[in-house]
1. Just the number, please: carbon plus sulfur as a percent of the accessible area of the chain, 1.4 Å probe, no ligands or DNA/RNA counted.
2. Would you pull out the residues with amide H under 5 Å of residue 115's amide H, same chain only if 5 or more places away, H placed 1.01 Å from N?
3. Using R₀ = 45 Å, calculate the FRET efficiency as 1/(1 + (r/R₀)^6) where r is the Cβ-Cβ separation of residue 307 and residue 49; round to 0.05.
4. If you average 1/r across every pair of different Cα atoms in the stretch 179-229 and take the reciprocal, what Kirkwood value do you get, in Å?
5. Provide, as a two-decimal number, the C-alpha radius of gyration of the stretch 108-208 over 2.2 N^0.38 Å, N being how many residues it has.
6. Using only Cα atoms, find the angle between the long axis of helix 2-26 and the longest principal axis of the chain, and express it within 0 to 90 degrees, rounded to the nearest 10.
7. Relative contact order (percent) for the stretch 148-305, with alpha-carbon contacts under 8 angstrom and 6 or more residues of separation?
8. When only DSSP loop residues count, what GluC sites (Glu not before Pro) in the stretch 42-83 have their Cβ near at most 15 other Cβ atoms within 10 Å?
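The values are calculated or read from the model by the stated rules, or taken from the named source; none is laboratory data. Just so we're clear, the structure is a prediction, and the values are computed from it rather than from any experiment. Glycine also receives a Cβ, built like all others from the backbone with ideal geometry; neighbour counts cover every protein chain displayed. SASA here: full protein model, heavy atoms, side chains in, ligands and nucleic acids out. Shrake-Rupley method; radii C 1.70, N 1.55, O 1.52, S 1.80 Å.
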Amino acid sequence: MKRVMLLAGTIGLAVAAGSAATLAQQQPQGPRPFYVGNPLGLPVEATTAATFEAISSNVKVYGAIYSAESCSYDPERGVIVVPNRGVPQNVQVNNAWISFINHDGSVNTARWIGVQSPADRANLTPPLVLNEPYGSDIANGMLYVADRDGGTTPNDTSVAVVRRFDMKTGAPAGEFRVARSTWFNDLAVARDGTVYATQTGDRSATPDPSTWQVWKITPDGSASIFVQGAPLRQPNGVALDSQGNIVVVNTGDNAVVTFSPAGKLLKTENAAQAGNDGLVIMRDGTKYVSSVLNGGVSRIRPGKPAELIARNIPSAASMCYDAGANQLVIPMNANNGLAFIRIE
């Protein structure tokens, strides 16, 4: 039985390699205009001469998510926007992509940004770089992602990069490199374009609190440390409340801390579980917090203790609010899926 399985796997690899080679031969060489992928249907790529035809209405597709850490909601299209990290930097660079998911979890567009193979992305105009996106946010018609460069080998220094993409065209729209940080976990974008990004930092048994940071990046790209050390403890999720305050959840404990735009600590709340990652803030001030370590979702109403409204979600990461369906959407990291929770 093992021999048969190995033989089948070998044949599969050979077929895959052959298919990849054929596809590579079919790919036009040299510079190409920037383009994004079509919704599900044929052809997959929008640049072909063939007329696009959508997938049959009686066909339902669920999936297209791979190692997703965050999501955002696009009110213009009415879809959930999910960055897929792809494989790590030390395996292959520029391997990530962006998917559109419908309210019911079905796939709208399997690969919107990143439909091209990594080898072809440098030939686009403008070229595409999308390595390992973690946190994401949509603001002012732009998709912002917390990405990074480097980290391909133990001696290749990783550098935090915030990348922007035009939500109408999908085209790259600039980036902010922060050389003093190796990696951002999550980010939130203010109305004026200011980015707040978390650096989770040291998670060892005897951690260095100075590595627990929230960064502030102004629209002109100037980067500075906004908050550092306690009450942060391995900060992860970050979001803005309706007053423009910056709210952060910790992975190292159950604290939910709110800072003014000037960096002053305004209040500390507590989720029902520790080990938190995701944060959604409603207009009335209600907060939803997901625990990537313990799998629960806490609801914190203003002035009230936290309630655990969901349990045992594997690797509940940086969730988003799907306003079109009044639900929370929670990427599940290595489980390669999304969890949906209707808000009551």
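1. Here it works out to 54 percent.
2. For residue 115, the qualifying residues are 37.
3. Once rounded, the FRET efficiency stands at 0.20.
4. Every distinct Cα pair counted, the radius reaches 11.4 Å.
5. 1.16
6. 80
7. 12
8. 76
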